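Written below as structure tokens is the structure these notes are about.
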Amino acid sequence: MTQSDVLSRCAVVPAAPGRENGGIMDVKTTTAAPLQSPSAPAATSASLPPIKTLLPPRAALIFWGHARKVVVLVVGLTVVLIGVALLILPGPGWLIIFGGLALLATEFAWARWMLKQARSRFEQLKQAAISTWNHGPAATAPPRSDD
């Protein structure tokens, strides 16, 4: 049974007049159709427990979307802070910081932008290192003349 099958069997109805529930809606429950294998006898709907939901389907999706963002934010910032600590302590600090940014980039545009900037800066540094390795250090001082 899929989630949409479960949600289609749930209906949210307004609270009855005179109920003091702070505007929370009552839940009308129905029973789900049984999952049957071809060889099993048919189950009666009275043997299945009712399905209850506290939120309408759209509100539940919004709630869990926000909850996921909060969890990703907390975990991602924790990973980034551990990476910052590992810059001072022995450990792979930059690798952990980029991992935390990648985790944050799954949910936040600002983290995607920061990760993109970090990647482009890394590529610039990599090209400069390869160039220096292949051709030697660039001349920073003009050659001296013997006058």
**OP:** Can you put Phe122, Phe108 in order of Cβ neighbours within 10 angstrom, beginning with the fewest?
**Re:** Phe122, Phe108
Subject >> Centre separation in Å (Cα based) which lies between region 115-134 and region 59-80 >> reply: 33 Å
Original post:
Between Thr78 and Trp110, what length comes free when the chain is fully extended (0.36 nm per residue of separation minus the Cα-Cα distance, one decimal in nm)?
Top reply: 9.8 nm
Original post:
Under a plain spin-label model, where a point goes 7 Å from the Cα along Cα-to-Cβ, how far apart in nm are Val71 and Gln124?
Top reply: 3.8 nm
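Here, each number is a calculation from the coordinates, and none is a lab measurement. If you're wondering where the values come from, they're calculated on a predicted model, not measured in any experiment. Cβ sites come from the backbone with ideal geometry, for glycine too, and all protein chains shown count toward neighbours.
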